[in-house]
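Trainee: My questions all concern the structure below.
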Amino acid sequence: MTNTYITPTTFEFLQDLSINNNRDWFAETKPTFKQAQDNAKELYATIRGNLEKHDEIDKFKLFRIYRDVRFSKDKTPYQPHFAGSFSRLGKHLRGGYYLRIR
């Protein structure tokens, strides 16, 4: 059975990440990140199933948590959120859906 909600531990991880956004802390809490990421993936899978009841969804993309800081003034290495996009099927159905969990 998949979760249809984000667990409190996932929100706690994201809050801790926004406070401790550095590589050392992230390396120490990598197992917690994996659990939070799996929780987000389960929710996105549930959302995709519900979207497909009303729309034609071609694919889903979960954005990576690692930031590209080469040209940014903000050098924090990680995104303090999970983000995903759902693309609609075919050229005749333009657009899509985007959801950020913060």
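Since every read-out is calculated from the coordinates, none of them should be taken as a lab result. The structure presented is a predicted model; accordingly, all values stated were derived computationally and were not measured. Counting neighbours? That spans all protein chains shown, and the Cβs are built from the backbone with ideal geometry, glycine included.
Trainee: Out of (1) touching a Phe, Trp or Tyr at 6+ places or on another chain (Cβ under 7 Å); (2) buried (at least 16 other Cβ atoms within 10 Å of the Cβ), the odd one out for Pro77 is which?
Mentor: (2)
Trainee: Of all residues in the range 1-32, which are charged (D, E, K, R) and touching a helix residue (DSSP H, G or I) at 6+ places or on another chain (Cβ under 7 Å)?
Mentor: None; the set is empty.
Trainee: Which residue pairs have Cβ atoms under 9 Å apart, sit 6 or more places apart or on different chains, and have a first residue in the range 61-76 that is touching a residue at least 24 places away in the same chain (Cβ under 8 Å) and a second that is assigned to a loop (DSSP other than H, G, I, E, B)?
Mentor: Going by the 9 Å Cβ cut-off, the qualifying pairs are Ile65/Gln79; Ile65/Pro80; Ile65/His81; Thr76/Asn21; Thr76/Asn22; Thr76/Arg67; Thr76/Val69.
Trainee: Report, by residue number, each residue of the range 1-29 that is over 20 Å from Lys75 (Cβ atoms) and surrounded by fewer than 10 Cβ atoms within 10 Å (Cβ to Cβ).
Mentor: Result: Met1, Pro8.
Trainee: When the residues of the range 42-70 are filtered to those that are surrounded by 12 or more Cβ atoms within 10 Å (Cβ to Cβ), out of contact with any Lys or Arg (no Cβ under 8 Å at 6 or more places or on another chain) and acidic (Asp, Glu), which remaining residue is nearest to Leu89 (Cα to Cα)?
Mentor: Glu52
Trainee: Can you name the residue in the range 17-33 that is more than 17 Å from Arg67 (Cα to Cα) and part of a helix (DSSP H, G or I) and, of all such residues, is farthest from the chain's Cα centre (by Cα)?
Mentor: By that ranking, first place goes to Glu28.
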